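Can you keep this structure in mind? I'll have questions shortly.
The values are calculated or read from the model by the stated rules, or taken from the named source; none is laboratory data. All of these numbers come straight from a predicted model, not from anything done at the bench. Every residue, glycine as well, gets a Cβ built from its backbone with ideal geometry; the counts of neighbours run over all protein chains shown.
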Amino acid sequence: MTRLQINEVAPRDGLQIEAAFVPTEEKVRWIDALSATGLARIEATAFVSPKAVPALADAAEVVAGITRRPGVGITALVPNVRGAERALACEVDEINLVMSASVSHGRANLRMTPDQSLEQFAAIVETVRAHPQGRDVFINASLSTSFGCPFEGEVAEARVLDLVGRQLALGVQGVTLCDTTGMANPAQVGRLCEAVLERWPDTPFTLHFHNTRGMGLANALAAWQAGIIRFDASLGGLGGCPFAPGATGNVCTEDLVHMFEQMGIATGVDLDALLAVSATLPDLVGHDTPGQVVKAGKADRRYPMPSR
């Protein structure tokens, strides 16, 4: 059985909406601890405007400070050509582009329509491939609202497939299908995953779920049953979407790993080490986190019998 690949997104997707700035040296220590757990990739930061996302204003310092481990890819989100150039200068392994499948969400989140985003993708891909550091950098594209838009409702599967095809035609190598505001259900997830894998069997697809309505793990299981082996997840369930009232964070990394490992599906992640890092999160971000396994313990945990 093929091992799953878990992409940890908390250092970017989780921290970007935190009110308190996490000091650079603490981010570096945190990412170094995460990289020692066996995660396949870590989205360490985003090279965005410090005014737009002050929590990630230290992107270059963070990437420069972390210890690179063989087998652990370091990813960064880039919104434009300038962000791509900054990421390449830091020698990241992968850049992640982002656009929305819906016009309304794209305008609210990125101030761009999907067509405008694709034009920008083309410029970024050209910049990366022409850069001395960009020859071996993997280019991934995340398609937000692939399973529904908080403003428009249903996003047609045909629209998602069309946009994925257009991304790949530009030279994007991998695609992440994002349930940005937790609107997906397992049946819908299974259908879309089967459709993209049938059409593009050689393309690495990643699934990105939010747990807004409590279906994150169920949706991840449905994606795996359809043939997906790459998943985004956020330690402690950190994260959320500023454009969806009530939206909670990403599917929790340790809960996702626990589910798959309990099913006998290898993730390559040391769950005990991951739980130890998760236990440090409340001190790091200054509040409790929604992860369940770090509080309840693994399913094989045994408690002493109560005395009578």
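Looking only at the stretch 13-49, how many residues end up being modelled with pLDDT under 95, of a type in the set (D, E) and in contact with a strand residue (DSSP E or B) (Cβ under 9 Å, 6 or more places away or on another chain)?
Count: 1.
Answer yes or no as to whether A33 is hydrophobic (A, V, I, L, M, F, W, C) and touching a Gly at 6+ places or on another chain (Cβ under 9 Å). Even if it seems obvious, please write down each step before you answer.
Numbers: hydrophobic (A, V, I, L, M, F, W, C): yes; touching a Gly at 6+ places or on another chain (Cβ under 9 Å): no.
It is false that A33 is hydrophobic (A, V, I, L, M, F, W, C) and touching a Gly at 6+ places or on another chain (Cβ under 9 Å).
Then there is this: Residues of the stretch 25-42 being surrounded by fewer than 19 Cβ atoms within 10 Å (Cβ to Cβ) and among the charged types (D, E, K, R), which ones?
E25, E26, R29, D32
Would you pick out the residues in the stretch 220-239 that are of a type outside the set (A, V, I, L, M) and surrounded by fewer than 24 Cβ atoms within 10 Å (Cβ to Cβ)? Full working, then the answer.
Pass one, the stretch 220-239, residues of a type outside the set (A, V, I, L, M): 224-225, 227, 230-232, 234, 236-237, 239.
Answer for the stretch 220-239, where residues must be of a type outside the set (A, V, I, L, M) and surrounded by fewer than 24 Cβ atoms within 10 Å (Cβ to Cβ): W224, Q225, G227, R230.
Which of the residues that make up the stretch 137-163 are assigned to a loop (DSSP other than H, G, I, E, B) and either touching a Pro at 6+ places or on another chain (Cβ under 6 Å) or free of Cβ contacts under 8 Å to residues at least 12 places away in the same chain (or both)? Don't jump to the end; show me each part of the working.
First pass over the stretch 137-163, keeping only residues assigned to a loop (DSSP other than H, G, I, E, B): 137, 145-148, 150-152, 154-156.
E154, A156 - these are the residues of the stretch 137-163 that are assigned to a loop (DSSP other than H, G, I, E, B) and either touching a Pro at 6+ places or on another chain (Cβ under 6 Å) or free of Cβ contacts under 8 Å to residues at least 12 places away in the same chain (or both).
Moving on to the next point. Filter the stretch 1-24 down to the residues that are of a type outside the set (V, I, T) and either surrounded by fewer than 23 Cβ atoms within 10 Å (Cβ to Cβ) or in a loop (DSSP other than H, G, I, E, B) (or both) and list them by number. Break it down stepwise before answering.
Taking the stretch 1-24 first, the residues of a type outside the set (V, I, T) are 1, 3-5, 7-8, 10-16, 18-21, 23.
Answer for the stretch 1-24, where residues must be of a type outside the set (V, I, T) and either surrounded by fewer than 23 Cβ atoms within 10 Å (Cβ to Cβ) or in a loop (DSSP other than H, G, I, E, B) (or both): M1, R3, L4, Q5, Q16, E18, A19, A20, F21, P23.
Considering the stretch 108-119 alone, what residues qualify as being part of a helix (DSSP H, G or I), within 23 Å of T206 (Cβ to Cβ), out of contact with any Gly (no Cβ under 6 Å at 6 or more places or on another chain) and modelled with pLDDT under 95? Let's see the steps before the verdict.
From the stretch 108-119, those part of a helix (DSSP H, G or I) are 108-109, 114-119; that's our starting set.
Then drop every residue that is not within 23 Å of T206 (Cβ to Cβ), which leaves 109, 114, 117-118.
Restricting the remaining residues to those that are out of contact with any Gly (no Cβ under 6 Å at 6 or more places or on another chain) gives 109, 117-118.
Scanning the stretch 108-119 gives N109, S117.
Among residues belonging to the stretch 165-187 that are in contact with a Gly (Cβ under 8 Å, 6 or more places away or on another chain) and of a type outside the set (D, E), point out the one that is surrounded by the fewest Cβ atoms within 10 Å (Cβ to Cβ). Spell out the reasoning first.
At the first step, the residues of the stretch 165-187 found to be in contact with a Gly (Cβ under 8 Å, 6 or more places away or on another chain) are 179, 181-184.
Pick out the ones that are also of a type outside the set (D, E) and you get 181-184.
Numbers: T181: 25, G182: 26, M183: 22, A184: 27.
Checked the stretch 165-187; the qualifying residue surrounded by the fewest Cβ atoms within 10 Å (Cβ to Cβ) is M183.
I need every pair where a residue in the stretch 180-209 that is at positive phi and touching a residue at least 40 places away in the same chain (Cβ under 8 Å) has its Cβ under 8 Å from the Cβ of a residue that is surrounded by fewer than 24 Cβ atoms within 10 Å (Cβ to Cβ) and in a strand (DSSP E or B), sequence separation at least 6 or different chains.
Hits for this filter: zero, empty list.
Would you say P79 is under 23 Å from N211 (Cβ atoms), under 17 Å from the mean Cα position of the chain (by Cα) and without any contact (Cβ under 8 Å) to a residue 60 or more places away in the chain? Talk me through it step by step, then tell me what you get.
Details: under 23 Å from N211 (Cβ atoms): no; under 17 Å from the mean Cα position of the chain (by Cα): yes; without any contact (Cβ under 8 Å) to a residue 60 or more places away in the chain: yes.
Spelling it out, it is not the case that P79 is under 23 Å from N211 (Cβ atoms), under 17 Å from the mean Cα position of the chain (by Cα) and without any contact (Cβ under 8 Å) to a residue 60 or more places away in the chain.
Just need a number here: residues in the stretch 164-180 that are β-branched (V, I, T) and part of a loop (DSSP other than H, G, I, E, B). Even if it seems obvious, please write down each step before you answer.
Initially, the stretch 164-180 is screened for residues β-branched (V, I, T), giving 164, 172, 175-176, 180.
If we keep only those that are part of a loop (DSSP other than H, G, I, E, B) as well, we get 172, 180.
So the count comes out to 2.
If you don't mind, there's one more thing I want to ask. Of all residues in the stretch 68-105, count the ones that are in a strand (DSSP E or B) and within 23 Å of V28 (Cβ to Cβ).
Step one: list which residues in the stretch 68-105 are in a strand (DSSP E or B), which gives 73-77, 94-100.
Narrowing further to those that are within 23 Å of V28 (Cβ to Cβ): 73-77, 94-96.
Summing the residues that are in a strand (DSSP E or B) and within 23 Å of V28 (Cβ to Cβ) in the stretch 68-105 gives 8.
Same structure again: Looking at the stretch 26-48, which of its residues are in contact (Cβ under 8 Å) with a residue 12 or more places away in the chain and of a type outside the set (A, V, I, L, M, F, W, C)?
Correct list: E26, K27, D32, S35, T37, G38, R41, E43, T45.
Okay, moving on. Kindly establish whether S117 is among the polar types (S, T, N, Q), without any contact (Cβ under 8 Å) to a residue 24 or more places away in the chain, under 30 Å from D162 (Cβ atoms) and touching a helix residue (DSSP H, G or I) at 6+ places or on another chain (Cβ under 7 Å). Don't jump to the end; show me each part of the working.
Details: among the polar types (S, T, N, Q): yes; without any contact (Cβ under 8 Å) to a residue 24 or more places away in the chain: yes; under 30 Å from D162 (Cβ atoms): yes; touching a helix residue (DSSP H, G or I) at 6+ places or on another chain (Cβ under 7 Å): yes.
Spelling it out, S117 is indeed among the polar types (S, T, N, Q), without any contact (Cβ under 8 Å) to a residue 24 or more places away in the chain, under 30 Å from D162 (Cβ atoms) and touching a helix residue (DSSP H, G or I) at 6+ places or on another chain (Cβ under 7 Å).
Of D255, D272, which residue is surrounded by fewer than 14 Cβ atoms within 10 Å (Cβ to Cβ) and acidic (D, E)? Steps first, answer last, please.
Working: D255 fails: surrounded by fewer than 14 Cβ atoms within 10 Å (Cβ to Cβ).
Of the residues listed, the single one that is surrounded by fewer than 14 Cβ atoms within 10 Å (Cβ to Cβ) and acidic (D, E) is D272.
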